[in-house]
């Protein structure tokens, strides 16, 4: 059952170098630069994909972000859907130096997946549904 009052809005990432991370999403995944401003002493950069926004921000004044030591309770990754030619898209990412933590895999008869990692070790699942 779908609730027509709910729509996906964004994923919010906290990064050591938000400008470099945002540029990675643009250069490697084809995102489009959106708003770029400062809130509470930290840059906040929007990168848009069709139907999704990734907001990348830095450490705010008075914050003390910690390193993630591995699997934790909470969000593990987020997924982006590849619309066409999954294998060629993944091959292009590999040729462009993107780190794969799981090579492209036939997950089930109608779905292919792969996992990639950003320079700040954020896990992203790539999904293709035939």
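The values are calculated or read from the model by the stated rules, or taken from the named source; none is laboratory data. As the structure is a computational prediction, the values presented were derived from the model and not from experiment. We place every Cβ from the backbone using ideal geometry, glycine too, and count neighbours over all the protein chains shown.
Observations
So that you can scan it fast, the table gives a plain yes or no per residue for (1) surrounded by 11 or more Cβ atoms within 10 Å (Cβ to Cβ); (2) out of contact with any strand residue (DSSP E or B) (no Cβ under 9 Å at 6 or more places or on another chain); (3) part of a helix (DSSP H, G or I):
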| residue | (1), (2), (3) |
| --- | --- |
| 25 | yes, no, yes |
| 66 | no, yes, no |
| 88 | no, yes, yes |
| 101 | yes, no, no |
| 107 | yes, no, no |
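- The single condition from (1) farther than 14 Å from residue 29 by Cβ; (2) in contact with a helix residue (DSSP H, G or I) (Cβ under 6 Å, 6 or more places away or on another chain); (3) in contact (Cβ under 8 Å) with a residue 40 or more places away in the chain that residue 65 fails is (2).
- Unique residue being surrounded by fewer than 13 Cβ atoms within 10 Å (Cβ to Cβ), within 26 Å of residue 95 (Cα to Cα), in contact with a strand residue (DSSP E or B) (Cβ under 9 Å, 6 or more places away or on another chain) and not assigned by TED's automatic domain parsing to the domain that holds residue 82 when the list is 21, 32: 32
- Screening residue 96 with (1) under 20 Å from residue 8 (Cα atoms); (2) touching a residue at least 40 places away in the same chain (Cβ under 8 Å) gives one miss only, at (1).
- You will find that of 67, 9, 27, the residue that is over 14 Å from residue 120 (Cα atoms), outside the structural domain of residue 125 (by TED's automatic domain parsing) and modelled with pLDDT under 90 is 9 and no other.
- For the range 27-43, the set of residues classified as under 24 Å from residue 100 (Cα atoms) and not in a strand (DSSP E or B) consists of 27, 28, 29, 30, 31, listed by residue number.
- Every condition in (1) crowded, with 17+ Cβ neighbours inside 10 Å; (2) assigned by TED's automatic domain parsing to the domain that holds residue 9 is met by residue 50 except one, and the failing one is (1).
- Yes/no for residue 41 being surrounded by fewer than 12 Cβ atoms within 10 Å (Cβ to Cβ), without any contact (Cβ under 8 Å) to a residue 24 or more places away in the chain and either over 11 Å from the mean Cα position of the chain (by Cα) or farther than 16 Å from residue 119 by Cα (or both): yes
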